[in-house]
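The values are calculated or read from the model by the stated rules, or taken from the named source; none is laboratory data. Here the structure is a predicted model, which means the values were calculated and not measured. Glycine also receives a Cβ, built like all others from the backbone with ideal geometry; neighbour counts cover every protein chain displayed.
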Amino acid sequence: MRTKTFTAALILGALCALFHHTPLHAQHETASDLLDGETAFKASCANCHGPDGDQIQGIDIGRGRLRRPMTDAELVQTILTGIPNTPMPATQMSPAQASQVVAYLRARWASISATTLVGDAARGKTLFDTKGDCASCHRVQGAGSGLGPDLTTIGAARTAAELQRALTDPNAQVQPQDRYYRVTLNDGTQVEGRLLSHDTFSVHLLDSNQRLRAFSKADLREAAFITSPMPSYATTLTAQELTDLVSYLSSLRTR
């Protein structure tokens, strides 16, 4: 199944860019090509450049900030052959795959250039600790709660778009290790928590009091996944506050 993180706005921005800023041959790129380009970027480029393309000093390929302007053909050639005497290696991509990566990057640049808000990580950190009350569920570098996923390196694993979506629609794309589960014992008692593991005979949860709980399935009347308890910040934070919070979360990359 193709990734759902590539939004309609990004595709629309890509189409505008393709018709107004790129050579005629690029006009035939499709949404499928752009999704394939995103997949190839994450598989081959994000390890060094980061999921948002901004982890190498002086270069932000996620926002089109290169050391010099480059044509599509030059970008494709760079992806294929690398840059001699630098850490940038050649790849095993085909020319078609490299072209899809370039189309994806151009789409990102077109989408981001239309956005006027700029995030501030320091303000985002304050929101994380205060209005957002994020530390009541999440931990960063040992500080906070272990009820939800540890966010110490979340910026290295998720793009800014994915982080924003998680903040505004928490149940849209829950990672397997972050799913919540409810068990109902034979006596009617219910226990909910983050699912740690389950097999044919047992279920292990981290409950709302951060206690490890183990249950034998023979003692359960029912067991099922439930929605994430994380609230949506779509209406409780302003657009600027969301951007600031995403900027802070994107900065969390090392322990």
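For the stretch 72-96, which positions are in contact with a Leu (Cβ under 9 Å, 6 or more places away or on another chain), of a type outside the set (A, V, I, L, M) and part of a helix (DSSP H, G or I)? Passing the criteria: only PRO95.
Could you figure out which of (1) surrounded by 15 or more Cβ atoms within 10 Å (Cβ to Cβ); (2) closer than 21 Å to THR126 by Cβ; (3) without any contact (Cβ under 8 Å) to a residue 40 or more places away in the chain isn't true of THR238? Evaluating THR238 over (1) surrounded by 15 or more Cβ atoms within 10 Å (Cβ to Cβ); (2) closer than 21 Å to THR126 by Cβ; (3) without any contact (Cβ under 8 Å) to a residue 40 or more places away in the chain leaves (1) as the failure.
Tell me which residues, restricted to the stretch 233-253, are under 16 Å from the mean Cα position of the chain (by Cα) and either assigned to a loop (DSSP other than H, G, I, E, B) or not acidic (Asp, Glu) (or both). Spell out the reasoning first.
From the stretch 233-253, those under 16 Å from the mean Cα position of the chain (by Cα) are 242-253; that's our starting set.
Listed by number, the residues that qualify are LEU242, THR243, LEU245, VAL246, SER247, TYR248, LEU249, SER250, SER251, LEU252, ARG253.
Close Cβ contacts (under 6 Å, 6 or more residues apart or on different chains) running from residues in the stretch 199-223 that are free of Cβ contacts under 8 Å to residues at least 24 places away in the same chain to residues that are of a type in the set (Phe, Trp, Tyr) and exposed (fewer than 13 other Cβ atoms within 10 Å of the Cβ) comprise LYS217/PHE201. If you filter the stretch 125-157 down to residues that are among the hydrophobic types (A, V, I, L, M, F, W, C) and touching a strand residue (DSSP E or B) at 6+ places or on another chain (Cβ under 6 Å), you find that the one that is surrounded by the fewest Cβ atoms within 10 Å (Cβ to Cβ) is ALA135. All conditions but one from (1) surrounded by fewer than 19 Cβ atoms within 10 Å (Cβ to Cβ); (2) modelled with pLDDT of 85 or more apply to CYS45; the one that does not is (1). Residues in the stretch 193-206 that are exposed (fewer than 14 other Cβ atoms within 10 Å of the Cβ) and in a strand (DSSP E or B): SER197 alone. Just wondering, is there one or more residues in the stretch 107-117 that are modelled with pLDDT of 85 or more and aromatic (Phe, Trp, Tyr)? No; the residues of the stretch 107-117 include none that is modelled with pLDDT of 85 or more and aromatic (Phe, Trp, Tyr). Scan the stretch 207-228 and give yes if some residue there is within 21 Å of ALA157 (Cβ to Cβ), at pLDDT 90 or above and surrounded by 14 or more Cβ atoms within 10 Å (Cβ to Cβ), otherwise no. Within the stretch 207-228, none of the residues are within 21 Å of ALA157 (Cβ to Cβ), at pLDDT 90 or above and surrounded by 14 or more Cβ atoms within 10 Å (Cβ to Cβ).
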